[in-house]
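*Asks:* Sharing a structure, written as structure tokens. Questions coming.
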């Protein structure tokens, strides 16, 4: 089972000091958090994508490429990549490139994005969210699977004889997770393709997560990818830990009370009982997290949100120390002991290459270049002839 | 004997009164009794579930911020959206429904009450507020595409004072209209978006 962290890249005022970090500070902080994640023995770092303040992460592949160069084993993912407002051609290119740079340590989690104003900035409409996710992902798969793509759809300019470069590393596309809080259609999409399903598991009650995951598992089996308990499930989650649980509650409360998403609403205690949020000792985090398995079954990836709501870098790094030293080793051991042998681990580039019969060089070289060159030359000749 | 003889329906009563006892709840109870009686006359027995919004005031504010209904509010929402008919009764504040009343309908899925028979009621200190039912509540339920009965029941302070304002007649007329609607429909079936996909993924791919 993989353990890691995900960040949404929010730049939020620290409510205890009144100070808001600069973009430059927050960007450096997230890089420090990512490299620290590897140091303390975590498996995954995932980065969100946003196109509006107070977030900085408009360009996740740039950031992840830098992190890839600073780390050696950390799996790099997204939380989430906007399949609705990004051009699927650019996603195919960017993430194939990132996979080459990272030596096969990349997967991605696709999401629709729920910020209405972002859609028109990219020429789209939030009311088409599901349709965009369906059409764009179908194209993305073809761009990675086929060297030359002819394509026509509803939302994007048609493609004729298009080759997305670089071709996928070793001839195998990055593994894809589909993230959705409440849309059964997205769980259906993940199941249809045999991809992973990731539930945010932060903002809603566990009963809801359970329904989404159960539905995905049932449909995964329906589409013939394996039994329901072999479907690939990832969960989010959030905690704040101190050795002494009262210290954790006292320190985290102002951050909770002023958090951008749920602040000024339910009390810390209510939200902790209604959602998977755990504020307490490492032992409490261990117990709560092991309990996730009771309602989603054996799952493959657990990511935690730990750096939001204005928490200072120093505090986040202390959270990572506790996570790496006291929590994850126990979770690894306990989850592994519970997991039946027929339940797979999260797919990695290595496991997917092995399943495909070994690495293949799929470089599209001279032939396609010649075609492109000839067309361009012909056009130029025609223009010059006039 | 009506064809519905022996069948049972659920009536959800949403009351946004704030005091105890409240005249809003009093009107809700009058409408409830009249509706149960009218259904009985049509051979239908009814189960009544009352949702007092006052008890969910904080839950509703939390829902606005968190985006989900907590446990107690979830039960209330499920009760209302799963009912065969809804009695919705609010005090009139500042020429319209109360904020608490509106918040409850704000947190429902926009399709949750499509086609559901609804009877609207309102209370206020003076009859000069009575058309708030028509200019505020009726458009709200039109937006939700609920099926609202033609008679909406307004009760001002003077109606409770025993004045001959015809309140009892209006209650009975409205209840009869609601009972006719309920009797003409099959019992509400639970809607579970996770039970089975509404369309196959191939349909989604084809954009149908």
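The numbers here are math on the coordinates, done by the rules we state, and not lab data. The structure displayed is predicted, hence computed values, not measured ones. All Cβ positions, glycine included, derive from the backbone under ideal geometry; neighbour counts span all protein chains shown.
*Asks:* Considering only DSSP beta bridges whose two residues both sit in chain B, what percent are antiparallel, to the nearest 5?
*Replies:* Bridges in chain B are about 5 percent antiparallel.
*Asks:* Also, I was wondering about something else. Relative contact order for chain A: what percent, with Cα pairs under 8 Å and sequence separation of 6 or more?
*Replies:* Computed value for chain A: 19 percent relative contact order.
*Asks:* Could you order peptides A:9-19, A:40-50 by the average number of other Cβ atoms within 10 Å of their residues, highest first?
*Replies:* On the way: A:9-19: 15.8, A:40-50: 22.4.
Output ranking for A:9-19, A:40-50: A:40-50, A:9-19.
*Asks:* While we're on this one: Can you give the mean number of other chain Cβ atoms that lie within 10 Å of the Cβ atoms in peptide B:62-73?
*Replies:* Per residue, the average neighbour count from other chains is 5.
*Asks:* Quick check on chain B: take the gyration tensor over C-alpha atoms, sort the square-rooted eigenvalues as a ≥ b ≥ c, and tell me if it's rounded (a/c under 1.5), prolate or oblate. Walk me through the numbers before you get to the answer.
*Replies:* Numbers: a/c = 1.97, a/b = 1.31, b/c = 1.51.
Judged from the Cα gyration tensor, chain B comes out oblate (a/c at least 1.5, b/c at or above a/b).
*Asks:* Rounded, prolate or oblate: which fits the range A:29-160 when a ≥ b ≥ c are the square roots of the eigenvalues of the alpha-carbon gyration tensor, with rounded for a/c under 1.5 and prolate only if a/b beats b/c?
*Replies:* On the way: a/c = 2.67, a/b = 1.47, b/c = 1.81.
It comes out oblate by the Cα gyration axes.
*Asks:* May I ask for the angle, rounded to the nearest 10°, between helix A:184-193 and the longest principal axis of chain A, with both axes built from Cα atoms and the value confined to 0 to 90°?
*Replies:* For A:184-193 against chain A, the angle is about 60 degrees.
*Asks:* Where both partners of a DSSP beta bridge lie in the protein assembly as shown, what percent of those bridges are antiparallel, to the nearest 5?
*Replies:* 10 percent
*Asks:* Separate question: Pairing the Cα long axis of helix B:23-41 with the longest principal axis of chain B, what angle in degrees results, from 0 to 90 and rounded to the nearest 10?
*Replies:* Tilt of helix B:23-41: around 70 degrees.
*Asks:* Continuing with this model, one more query. Under a no-solvent Debye model with one identical scatterer per Cα of the range A:242-305, what's log10 I(q)/I(0) at q = 0.13, 0.16, 0.22, 0.26 Å⁻¹?
*Replies:* The Debye formula, applied to the Cα set alone, gives -0.40, -0.59, -1.00, -1.18.
*Asks:* In vacuo Debye scattering of chain A, one point per C-alpha: log10 I(q)/I(0) at q = 0.07, 0.10, 0.13 Å⁻¹?
*Replies:* After summing over all Cα pairs, the log10 values are -0.33, -0.66, -1.10.
*Asks:* Just the C-alpha atoms of the range B:1-116: what Rg/Rh do they give, with Rh taken as the Kirkwood radius?
*Replies:* Values: Rg = 15.0 Å, Rh = 15.0 Å.
Taking Rh as the inverse mean 1/r over Cα pairs, Rg/Rh reads 1.00.
*Asks:* Between helix A:23-39 and chain A, what is the angle of the helix's C-alpha long axis to the longest principal axis, kept within 0 to 90° and rounded to the nearest 10?
*Replies:* Once rounded, the angle reads 80 degrees.
*Asks:* Where the centroid of each part is defined by its Cα atoms, how far is the range B:51-126 from the range A:55-106 in Å?
*Replies:* 44 Å
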